[in-house]
Each structure stands twice: as structure tokens, then as C-alpha cells.
Amino acid sequence: MRIPNLPTDLLRTFVTVVEVEGFTRAADILGRTQPAITLQVQRLERIVGHKLIVRVGKEVSLTEHGESLAVYARQILRLNDLAIAHFEPPTKGTLLRVGLPVDYAVDLLQTRLTKVIKQNPSLNIEVRCDLSKNLLALLQKNEIDVAVALFEGDDQQFLFQHWQEEPTWVGSTDFNLEKNTIIPLVVHPHGCVYRDRMTTALKLASVQWQFAFSSPGIGALQKAVRDGLGVSCLTEPTLKQGIRSLTISDGLPPLEPLHIGLFARQAQIGPEGYKIIDQIEQTFLKKSIQRLTQH
């Protein structure tokens, strides 16, 4: 049985069109004409035997098959670019802009990223920490190149890899909830996925709550929980000494899982960007292995 090959030039065109949401802009980035970009996408569609992109005026969207191929295309391009980089000197002076979420594992990711920067002094990296919602907006506006962010599970434009995390209610080690009392919540500002998970779960369970403390910083939020100001929602990487997990037996409803995505503008990150992506992926892989060995 003959298995067709997926040419990397066609995959790069496809991914670029997806990232910039347009054929004309992709043509500018890749140094081709718009008709040439259209022909390349059509050729890729003939190879896989499915429609990948739907065009309505100037807007483009992925079909279900297009979403599936985008995941594989990003991985194939990553290996291709890393292989080429092995035989070429690193590009100096290129700025790589990285976004890390304050609402998820920022200490863990920042520590790993700092280690990479120190080990590769030639890398020119700018790190920005913010709420996941803001990071995705910055990525959309091309103000950052790589980001780790919580998302709702349906964003395919820049999605490189994704994981699922189980959030848990938390309180101080000596915090107890009295029955039929208003739940005091410790939260990040409006727009935080954790905050939305908590309020949605409480609404569905018809449980009353009030905001007791709000801060954009994870450190301040953790301290407020440890000090007993209220309960919050965290994940395993952000649990600290003095904080304990709360369960349904404490009178709190279950929480929906979180989606964590690794997003990248692959059309512009270059081989240096993949060094950061690799370290982020290894961080999540190591964390997953540690969690499995603890159970």
C-alpha cells in the first residue's frame, strides 16, 4: 500500500494561514502570491482527501479535518525545523516573547524557563506574566510568540499542545465551612478561568457566595487562603504548605476540569522558540509522571 507524504512546505503554508487567519497575510509572510498560497492549500487537501479550510469572504475557519491536521502539522514542522537548526548556526538577536499565566503553575514554569535562559545566554527572551485571558489576547495581537494559558478547549488557531488539569477547592488547614453559610471566595480578577469555575459550580448547586478577597497575583491569593480569608480553587502545582484540599463532604460542589494549552506562533518563532517549547512540554510531562507515582 502506497502511503503519500505530507510535504513540509504545504504544511507550513497551511499552519501559517491558520495562524494569521488569512491567505493574503500568509502570502506576505511566506514571500509568495495569494493565488500560490491558495493552490498549496488545495494541493494539501487533495493529498489528505478532505476539505481543511473554509473561506467566507476574507475570513477563514478550520473544518473538523483541518483541526486534526493542524495538530500533526505543528509537530512535523517542529521536528523539521529542529533538524535544520542542527546544521545551521543559531540566529542571534532574535527576540522571543513568552507569556506565562499567573493563574496556573507560574512558579514551576518560571523556574524552568529561567534555567533555560541561563543555560543559553545567546537566547534573547522577554517573559511576561498575566492572566490566561490576557495572554491569549496578546498572542492574537502578535505581542507575544509563545504562551501557556488556560482556555476553554476550542481554540485551535495557535494551539501547539494541550493538557487537562483537575482543579480542587482549597482552604487553610484550620478552615471549616459552617452549613448554610455564604461561601467567602478568594479569587483573581474578572476574566480568570478559576474564578469562572468556582462561581459557575456554586450557581448550579444553588450555593450562596461572596467575594472576600481579590488579587491578580498568585502569591497574594495563596496567602489569603492560608490566612483563612476564604476558599479558592487551585491545582496541584499551586498548592502550598498551610493549604488543604476541600471536597464535597465540606459542602462544596464538584468543579469542571481545566484545559491548559501551549500556544505558539510557529510561523515566526524559529528553532530558538522550540527550545522553550520543549522545556515547557518537559515540565508538564515531569509533573504528570510525578502525579502518577504519587497515586
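The values are calculated or read from the model by the stated rules, or taken from the named source; none is laboratory data. Note that the coordinates shown come from a computational prediction; the quantities given were computed from them, not determined experimentally. Counting neighbours? That spans all protein chains shown, and the Cβs are built from the backbone with ideal geometry, glycine included.
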Checklist entry - Looking only at residues in the stretch 1-35 that are in the same structural domain as E67 (by TED's automatic domain parsing) and among the basic types (K, R), which one is surrounded by the most Cβ atoms within 10 Å (Cβ to Cβ)? => result R12
Next on the checklist: Considering only residues that are assigned to a strand (DSSP E or B) and farther than 13 Å from A147 by Cα, which ones fall in the stretch 104-130?
Outcome noted: N124
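Search the stretch 173-189 for residues being part of a loop (DSSP other than H, G, I, E, B) and among the aliphatic types (A, V, I, L, M), and hand back the single one that is surrounded by the fewest Cβ atoms within 10 Å (Cβ to Cβ). Let's see the steps before the verdict.
Of all residues in the stretch 173-189, those part of a loop (DSSP other than H, G, I, E, B) come to 173-182, 188-189.
Cutting the leftovers down to among the aliphatic types (A, V, I, L, M) gives us 177, 182.
Working: L177: 16, I182: 11.
If we take residues in the stretch 173-189 being part of a loop (DSSP other than H, G, I, E, B) and among the aliphatic types (A, V, I, L, M), then I182 is surrounded by the fewest Cβ atoms within 10 Å (Cβ to Cβ).
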Item to check | Unmet requirement for L108, which otherwise passes all of (1) farther than 18 Å from R265 by Cα; (2) over 21 Å from the mean Cα position of the chain (by Cα); (3) surrounded by 14 or more Cβ atoms within 10 Å (Cβ to Cβ); (4) of a type in the set (A, V, I, L, M) | outcome: (2)
Checklist entry - In the stretch 56-67, what residues are not in a strand (DSSP E or B) and not polar (S, T, N, Q)? => result G57, K58, E64, H65, G66, E67
Checklist entry - Out of the residues in the stretch 56-70 that are modelled with pLDDT of 85 or more and not small (G, A, S), which is surrounded by the fewest Cβ atoms within 10 Å (Cβ to Cβ)? => result E64
Item to check | Flag for Q266 being in contact with a helix residue (DSSP H, G or I) (Cβ under 8 Å, 6 or more places away or on another chain), surrounded by fewer than 16 Cβ atoms within 10 Å (Cβ to Cβ) and either outside the structural domain of V20 (by TED's automatic domain parsing) or at positive phi (or both) | outcome: no
Item to check | The listed residue being under 20 Å from P216 (Cα atoms), assigned by TED's automatic domain parsing to the domain that holds Q210 and touching a residue at least 60 places away in the same chain (Cβ under 8 Å), out of S132, S172 | outcome: S172
Checklist outcome for this item: All-but-one check, D107 against (1) modelled with pLDDT of 85 or more; (2) touching a Pro at 6+ places or on another chain (Cβ under 8 Å), failing number (1)
Checklist entry - Residues of the stretch 190-214 being part of a loop (DSSP other than H, G, I, E, B) and either outside the structural domain of L252 (by TED's automatic domain parsing) or modelled with pLDDT under 90 (or both), which ones? => result H190, G191, C192
Checklist entry - What is the number of the single condition among (1) over 25 Å from V146 (Cβ atoms); (2) assigned to a strand (DSSP E or B) that Q42 does not meet? => result (2)
Item to check | The lone exception for K141 - which of (1) under 22 Å from the mean Cα position of the chain (by Cα); (2) under 25 Å from R25 (Cβ atoms); (3) surrounded by 14 or more Cβ atoms within 10 Å (Cβ to Cβ); (4) at pLDDT 85 or above it fails | outcome: (3)
Checklist entry - Could we say that A220 is touching a Phe, Trp or Tyr at 6+ places or on another chain (Cβ under 9 Å), at pLDDT 90 or above and over 29 Å from V15 (Cα atoms) here? => result yes
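Yes/no per residue for (1) surrounded by 15 or more Cβ atoms within 10 Å (Cβ to Cβ); (2) in contact with a Gly (Cβ under 8 Å, 6 or more places away or on another chain); (3) closer than 24 Å to Q110 by Cβ:
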| site | (1), (2), (3) |
| --- | --- |
| M198 | yes, no, no |
| A205 | no, no, no |
| P216 | yes, no, yes |
| K223 | yes, no, yes |
| T247 | no, no, no |
| G251 | yes, no, no |
| L255 | yes, no, no |
| L258 | yes, no, yes |
Next on the checklist: I'd like the full set of residues that are part of a helix (DSSP H, G or I) and closer than 15 Å to V18 by Cβ, limited to the stretch 45-55.
Outcome noted: E45, V48
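Has the stretch 122-130 got at least one residue that is closer than 18 Å to T238 by Cβ and within 15 Å of the chain's Cα centre (by Cα)? Talk me through it step by step, then tell me what you get.
Looking only at the stretch 122-130, we keep the residues that are closer than 18 Å to T238 by Cβ, and these are 129-130.
Next cut, within 15 Å of the chain's Cα centre (by Cα) only: 129-130.
Among the residues of the stretch 122-130, at least one is closer than 18 Å to T238 by Cβ and within 15 Å of the chain's Cα centre (by Cα), which makes the answer yes.
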